[in-house]
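Shown next, in structure tokens, is the structure this report addresses.
Each value in this text was obtained by applying a stated rule to the coordinates, not by laboratory testing. In this text the structure is predicted, and so the values were computed from the model without any measurement. FYI the Cβ positions are ideal-geometry reconstructions off the backbone, even for glycines, and counts take in every protein chain you see.
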Amino acid sequence: MSAARSRLSKLAAIGFGLLAVFAPQLLAAQPPVQVRSPAGDIVVTVSDDGGRAQYKIDFRGATIIASSRLGMLFKNQHGFDEGLSIAATAIASRDEIWEQPWGERRLVRDHHNELLVTFASTSGPAPEMQVRFRVFDDGVGFRYEIPKQRRLGKVNIIDELTEFVVVNQSTAWWIPSRGWNRYEYLYQTSDIAEVSGAHTPMTLRTPSGVHLSIHEAALVDYSGMSLKQLRPGRFKADLAPWSDGVLVKTKTPFVTPWRTIQIAPDAVGLLNSDLILNLNEPNKLGDVSWVKPGKYVGIWWGMHIREYLWGTDGVHGATTQETKRYIDFAAKYGFIGVLVEGWNIGWDGDWFSNGDVFSFTKPYPDFDLRAVTEYAREKGVRLIGHNETSGNVTNYENQLEDAFAFYEALGIDKVKTGYVADGGNIKRIDENGIAKYEWHDGQFMVDHHMRVVREAAKHKISINPHEPVKDTGLRRTYPNWVAREGARGQEFNAWGDPPNPPEHTAILPFTRMLSGPMDFTPGIFDLEPNKRQPVNADMPRGDPRSRVKTTLAKQLALYVVLYSPIQMAADLPENYESNLGAFQFIVDVPADWEESIALAGEIGDFVAYARKDRNSEDWYLGALTDEQARTLSLPLSFLDPQQTYVAEIYRDGVKASWKDNPYNMIIEQRDVVRGNSLSLPLASGGGAAIRLRIKSQ
Ligand code: NOJ
Ligand code: CA
């Protein structure tokens with residue numbers, strides 16, 4: 001990286017001790033400074049008009065983020081709000097390619113121009129705030145960097161003043177922040193004026209068709225940012241507070257997460273962006289060949305459709321015998337893991353409210369942990385551990401080291417964690433032994449997840465949290481943080497009121513998935529599980545209105561569309577064995593990719609992806625639509641021009657629709673070459689999944 005440092009004001013270089021005395025005279029407003037994206041489409045302008053730090057963003061000559069405030073306030077100390085002046089700038093640029101151990105693509109290009117702006121304050125003993133901007137062709141990231149400075153050591157941040165002033169009459173896709181159900185809300189599509197508080201990523205389309213998504217990258221030792229609308233179009237950073245009201249507890253020097261704005265001329269452009277990953281630090285774990293992408297099955301959907309329970313106070317799911325049945329199934333069809341939920345003491349009774357009693361090392365008597373892990377080892381399969389905390393985090397942290405050492409000894413290399421508790425209701429016991437309740441996305445939980453991921457790495461364990469803090473690209477730095485939930489997943493189709501509508505998975509790629517991989521758990525074959533003849537007639541059934549509002553072909557498409565390095569085949573083994581034709585796609589589809597290309601899409605309507613297998617020459621294509629039937633014509637321009645491919649196509653039949661005929665599916669083969677386009681008819685709530693393999697001569 002080349003860096004050139006230029007002092008704007010000769011006097012500012014004298015030193016900040018002097019500035020504190022003479023500042024009012026010395027720090028007159030400086031001319032705005034600018035930095036452009038490598039191709040020049042995006043221009044960021046930074047100014048100190050009126051003594052306030054501000055930035056604005058233009059895209060292709062039109063303003064898309066109007067002048068927006070920067071700064072922060074501290075408790076009992078001067079912060080950075082007024083009396084600020086640009087004292088120095090430094091520029092740099094980078095163009096390099098880095099490699100992901102696993103991911104949507106192996107090679108990622110980081111190409112950006114950087115501007116570091118130092119603002120000097122005239123209004124207090126804390127004189128210096130820096131803001132670092134990185135401008136890529138797919139958007140902008142900026143973060144605050146507060147250097148170590150005299151009389152600014154420990155700080156409690158009580159407000160972050162960052163604003164994002166967006167174009168009025170834009171359409172927004174968003175979920176509410178600070179709700180009891182965390183990130184598990186249906187996405188709303190509305191005029192921005194209707195957005196109350198929103199989680200990020202929040203995605204917008206301006207009246208001229210520019211697409212942008214506001215989010216953050218590298219959320220470490222800070223509170224999660226949601227967005228509050230101060231007045232129409234004027235959004236402001238809204239950090240999740242600690243239980244005592246402070247937003248962030250830190251000390252200088254510190255950097256904040258990157259505030260990000262992905263920008264694209266169309267919806268598909270957002271999907272092909274690597275901005276969030278590029279703003280994260282490189283891998284800190286060294287050799288991570290022990291992190292294994294792959295597909296898994298599990299004792300899971302059975303609980304959600306009430307075939308059995310997590311606890312032993314009813315029909316217990318996680319028995320030795322049932323686990324062995326899943327291990328046999330996994331071994332037979334090439335799955336790498338078997339998730340077992342409800343294996344450990346603590347689930348009996350109202351487990352939602354009894355998180356204090358969970359043991360993370362003691363199995364129920366009818367689950368012989370050593371026998372099943374041994375059985376799995378013989379079959380070449382790994383057990384996937386499950387740690388539901390019900391939000392009682394201190395109870396979990398107290399057991400963490402012992403639990404992970406125990407799992408490592410048993411050959412368990414992945415753990416799904418869970419934080420089922422209402423938003424703001426994460427229980428911790430403070431240093432005085434007093435209970436406190438925190439947000440899922442506050443600094444306490446941001447730090448907790450980091451502790452879990454680091455402790456897990458010591459034991460070569462990968463982590464998949466449910467009810468997590470949102471993803472901000474930390475998988476680059478900690479590649480054992482393989483996936484997470486953090487949106488409405490498949491489970492809502494078992495008992496959700498309402499279940500996920502057909503448009504849900506046509507919105508996720510443009511919102512939640514921009515942040516990173518999701519453990520959505522696709523692959524339900526019995527699309528009306530609540531109508532099925534109950535195996536256990538005495539168990540309460542799920543909500544009869546609940547059903548999976550997709551066609552069967554769309555369930556297959558999800559494996560390609562919703563990226564995750566660990567993909568579950570979520571349904572019961574018997575439902576797969578009774579439809580081996582369709583199941584073949586799940587058996588074939590990889591979970592780790594050499595390359596990914598979003599081919600087409602409009603938010604909430606449809607989306608299509610092509611992805612190339614990391615370990616073969618195969619390409620896979622997934623396309624899906626909302627409730628609207630439509631035909632997509634997809635050029636196969638990504639194929640190798642030298643080859644003929646056999647397209648193994650799983651698509652909706654002519655009579656298919658999620659509502660009336662969800663199982664109507666055609667499986668067919670066709671020879672194709674690079675010049676061809678595939679015309680894919682998608683039914684209402686439908687989809688298509690395709691494997692493209694090189695035709696043997
Ligand atoms: C909610 C998770 O999303 C789900 O996957 C899990 O089965 C339950 N919590 C129990 O831990
Ligand atoms: Ca959940």
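Just a few scattered comments:
- The stretch between D356 and L107 holds 85.2 nm of extra length on full extension. This uses 0.36 nm per residue minus the Cα-Cα distance.
- Amide H contacts of E503: E627, each under 5 Å away and 5 or more positions distant or on a separate chain (H built 1.01 Å from N in the peptide plane; Pro and chain starts excluded).
- Tilt relative to the chain, helix 320-333 - C-alpha long axis, 0 to 90 degrees, to 10: 80
- Inter-label distance, nm, simple model (7 Å from Cα along the C-beta direction), E99/K228: 4.7
- Per-residue Karplus couplings for region 652-660, computed as 6.51 cos²θ - 1.76 cosθ + 1.60 with θ equal to phi - 60°, are listed in order as 4, x, 5, 9, 6, 7, 4, 7, 10 Hz, Gly and Pro entered as x.
- Going from the fewest other Cβ atoms within 10 Å to the most, the residues E128, E467, E602, E378 appear in the order E378, E602, E128, E467.
- Amide H contacts for G79 (H built 1.01 Å from N in the peptide plane; partners 5 or more residues away or on another chain; cut-off under 5 Å): F74.
- The modelled label-to-label distance between S578 and D191, using points 7 Å beyond Cα along the C-beta direction, is 5.0 nm.
- Computed 3J(HN,Hα) for region 466-475, one whole-Hz value per residue from the Karplus formula 6.51 cos²θ - 1.76 cosθ + 1.60 where θ = phi - 60°, is 9, 6, x, 7, 4, 7, 10, x, 5, 4, glycine and proline marked x.
- Spin-label model distance (nm) - D266 vs D497, 7 Å beyond Cα toward Cβ: 4.3
- Between region 541-581 and region 448-484, the alpha-carbon centres lie 25 Å apart.
- Order of Y326, Y308 - criterion: other Cβ atoms within 10 Å of each residue's Cβ, fewest first: Y308, Y326
- Once Rg and the Kirkwood radius are both taken over the C-alpha atoms of the chain, their ratio Rg/Rh works out to 0.98.
- Residue among Q130, S273, V35 farthest towards the positive dipole end of region 3-278, charges placed on Cβ: Q130
- Amide H within-cut-off set for T389, under 5 Å, with H built and near neighbours excluded: G418, Y419, V420
- Between the Cα long axis of helix 369-379 and the first principal axis of the chain there is an angle of about 80°, rounded to the nearest 10.
- Residues in region 675-687 carry Karplus couplings, in order, of x, 6, 10, 9, 9, 10, x, 10, 7, 4, x, x, x Hz; the curve used is 6.51 cos²θ - 1.76 cosθ + 1.60 with θ = phi - 60°, and Gly or Pro positions show x.
- Span from the region 282-332 Cα centroid across to the region 658-688 one, whole angstrom: 31
- For peptides 213-224, 610-621, sequence by mean Cβ density within 10 Å, most packed first: 213-224, 610-621
- Scoring 573-581, 482-490, 333-341 by mean Cβ neighbours within 10 Å over their residues and listing the highest first yields 482-490, 333-341, 573-581.
- Footprinting exposure proxy for T320, T550 (fewest neighbouring C-beta atoms within 10 Å first): T320, T550
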